[in-house]
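Report on the structure given below.
The values are calculated or read from the model by the stated rules, or taken from the named source; none is laboratory data. What you see is a predicted model, and the numbers here were worked out from it, not measured in a lab. Every residue, glycine among them, receives a Cβ derived from its backbone with ideal geometry; neighbour counts consider all protein chains shown. Each accessible area value is taken on the protein alone, full model and side chains, heavy atoms only, with ligands, DNA and RNA left out. Shrake-Rupley method; radii C 1.70, N 1.55, O 1.52, S 1.80 Å.
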Amino acid sequence: MKSPPRLIYAAWLFLLLGMLPGAALTQDQSPASTEKRQTLLSSANDKLLINTLYKAPHRMAGGISPDGAISVNADWEKNGKTGVWYIEQQRYGADLLQAGVVLKDDSLIDQGVKILEWGFQQEAADGGFPGVGDPHHSASFFLEAASRSVLLLEQAHLAKYLATAQTWKPKIVAMGRWLNRPEIAEKGRAKALDPFTHRFYLLAAGYSEAAAATGEAEFQTWAHNYAVDGLGRQQPDGTNPERGGFDASYQGVGVVFASRYYLQCPDEAIRAALKTMIAKALDKEMTMIDPNGEVSLEGSTRTPLETGRSGKPKTMDYKVLLMALVSGEQVTGDPKYREVAERVARHFK
């Protein structure tokens with residue numbers, strides 16, 4: 001589904017927000033909201049996430065080799081670095097690091113750092129990753145994970161890890177600029193972006209977190225542009241299309257990344273639009289969740305029809321769904337998302 005023309009989208013946003021005619025969709029310097037802004041750390045520090053995910057680290061990441069390579073990357077390494085590998089697999093280091101920061105568990109942080117370091121070791125001087133499969137999309141995941149990790153370590157004031165985080169910043173800058181090179185970005189958009197709404201929010205989150213972590217203001221502009229494009233793609237029933245229709249797993253993935261962008265977004269009009277989008281997306285998602293917290297994949301356009309990087313059919317990502325529902329309550333203030341999140345958490349047990 002093609003996004004509506006920018007002028008039609010702008011008119012929709014004005015009506016949605018009750019904005020005055022002079023407002024604009026370009027990133028502005030509107031006065032900060034009076035609401036107390038959450039951070040990545042305060043958003044992550046949630047009892048339901050702690051008890052269901054962080055205290056069970058196998059739910060955060062698996063298939064980790066002793067040197068930090070994950071899944072197919074470990075196989076690629078064993079095979080003498082021949083064949084295809086995917087830098088996106090190393091994003092799970094950020095999830096383990098997040099759990100460790102919240103729990104104040106250095107062993108989890110250390111494991112997360114090792115996984116991310118393995119990824120950075122594969123980065124070329126220009127910010128790209130030689131030999132990686134699906135280069136634009138795969139690197140987008142790592143940009144978000146690495147930038148989020150820097151922010152979490154800094155927000156937690158973990159002196160032990162700040163020097164490491166500092167060494168990552170120029171690599172994040174190089175990666176972000178490599179992703180936006182015309183020959184990379186244009187090819188990536190044609191091949192790996194347009195059919196998948198969640199990827200616009202992935203890039204918005206990645207670039208906004210990278211801007212906050214490195215001070216590269218231009219990254220925030222690029223994040224804004226991806227978010228505006230993503231917002232224009234939502235269908236009236238709340239579907240954020242994946243391959244032209246609704247996918248129960250990727251709907252949650254998109255909400256998680258949109259929520260992370262929401263935390264960094266400086267534009268109050270876009271934040272309001274994101275809040276509305278997230279509510280509609282989760283309301284649609286909840287129609288697929290039964291009283292026991294199990295999700296129906298009937299009619300999903302990607303899961304389990306596609307295979308993942310391991311070659312196995314994709315499955316419902318309950319970890320991400322739980323994060324999406326918790327974020328939904330945090331962003332909108334509506335307790336119904338917490339109630340459904342508790343159902344999903346019980347499904348884990």
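Given bins 10 angstrom wide, list per bin the percent of all Cα-Cα distances in segment 187-314, short to long.
Cα pair-distance distribution for segment 187-314, in percent: 13, 42, 32, 12, 1.
With a cut-off of 19 Å, note down the residues of segment 39-61 whose backbone N falls inside the zone around a label point 7 Å from the Cα of THR315 toward its beta carbon.
Only 52-61 fall inside the zone, counting backbone N under 19 Å.
Starting from the Cα of LYS36, draw a straight line to each of the lysines and keep only those under 29 Å, dropping any in the same chain fewer than 8 residues away.
Qualifying lysines at Cα under 29 Å: LYS47, LYS55, LYS104, LYS160, LYS169, LYS275, LYS280, LYS284, LYS319, LYS336.
Need one number: nm distance between label points at ASP334 and GLU77, each 7 Å from Cα along Cα→Cβ, rounded to one decimal.
4.4
Kirkwood Rh, Cα Rg: Rg to Rh for segment 106-163?
The Rg/Rh ratio comes out at 1.01.
Report, please, the projected area of segment 127-224 averaged over directions, based on the convex hull of its C-alpha atoms, in nm².
Value for segment 127-224: 6.2 nm².
With only Lys, Arg, Asp and Glu charged, each at its Cβ (+1 for the first two, -1 for the last two), find how big the charge dipole of the chain is about the Cα centre; round to the nearest 20 debye.
Its charge dipole is roughly 200 debye.
Mind running the shape call on segment 77-193? Use the C-alpha gyration tensor, a ≥ b ≥ c as the square roots of the eigenvalues: rounded below 1.5 for a/c, prolate if a/b tops b/c, oblate otherwise.
Prolate, because a/c is 1.5 or more and a/b exceeds b/c.
Let me check something: with ligands and nucleic acids excluded, how do LYS160, LYS169 order by accessible area (1.4 Å probe), largest to smallest?
Heavy-atom accessible area, descending, gives LYS160, LYS169.
Quantify, in whole percent, the carbon and sulfur part of the accessible surface of segment 35-106 (1.4 Å probe; protein heavy atoms only).
The value for segment 35-106 is 50 percent carbon and sulfur by accessible area.
For the chain, what's the radius of gyration and Dmax over Cα atoms, in angstrom?
Rg then Dmax for the chain, in Å: 19.1, 60.
Keeping all protein chains in place, calculate the accessible area per residue for segment 172-218 (probe 1.4 angstrom), answer in Å².
Normalised by residue count, the accessible surface of segment 172-218 is 35 Å².
Taking every pair of alpha-carbon atoms in segment 76-116, give the share separated by more than 14 Å as a whole percent.
51
Once the Cα gyration tensor of segment 242-349 is diagonalised, what are the square roots of 5 times its eigenvalues, in whole Å and ordered largest first, as equivalent ellipsoid semi-axes?
That gives 23, 17, 12 Å for the three semi-axes.
Suppose every K and R has +1 on its Cβ and every D and E has -1 on its Cβ; what is the size of the dipole of segment 202-286 about the Cα centre, in Debye to the nearest 20?
Dipole magnitude for segment 202-286 comes out near 180 debye.
Please sort by residue number the GluC sites (Glu not before Pro) in segment 291-349 whose DSSP state is loop and whose Cβ has at most 10 other Cβ atoms within 10 Å.
When the GluC sites (Glu not before Pro) of segment 291-349 are filtered for loop state and at most 10 Cβ neighbours within 10 Å, GLU298 remain.
What lysines could a cross-link reach from LYS78, if we take a straight Cα to Cα line under 19 Å and drop same-chain neighbours fewer than 8 places away?
Straight-distance partners of LYS78: LYS114.
Work from the charge dipole of the chain (Cβ charges, +1 for Lys and Arg, -1 for Asp and Glu, about the Cα centre) and give the residue of PRO291, GLN122, THR167 farthest towards its positive end.
Farthest towards the positive end: PRO291.
Among GLY245, VAL84, ALA74, whose Cα sits farthest toward the positive end of the charge dipole of the chain (+1 at Cβ of Lys/Arg, -1 at Cβ of Asp/Glu, about the Cα centre)?
ALA74
Starting from the residue with the highest accessible area, list LYS187, LYS319 in decreasing order, probe 1.4 Å.
Accessible-area ranking of LYS187, LYS319, largest first: LYS187, LYS319.
Compare LYS36, LYS81, LYS284, LYS336 by solvent-accessible area with a 1.4 Å probe and give them largest first, with all protein chains kept in place.
Ranked from most to least accessible, the order is LYS36, LYS81, LYS336, LYS284.
In Å², and per residue, what accessible area does segment 46-165 have when probed at 1.4 Å with the other protein chains present?
Ligands and nucleic acids excluded, the result is 38 Å² per residue.
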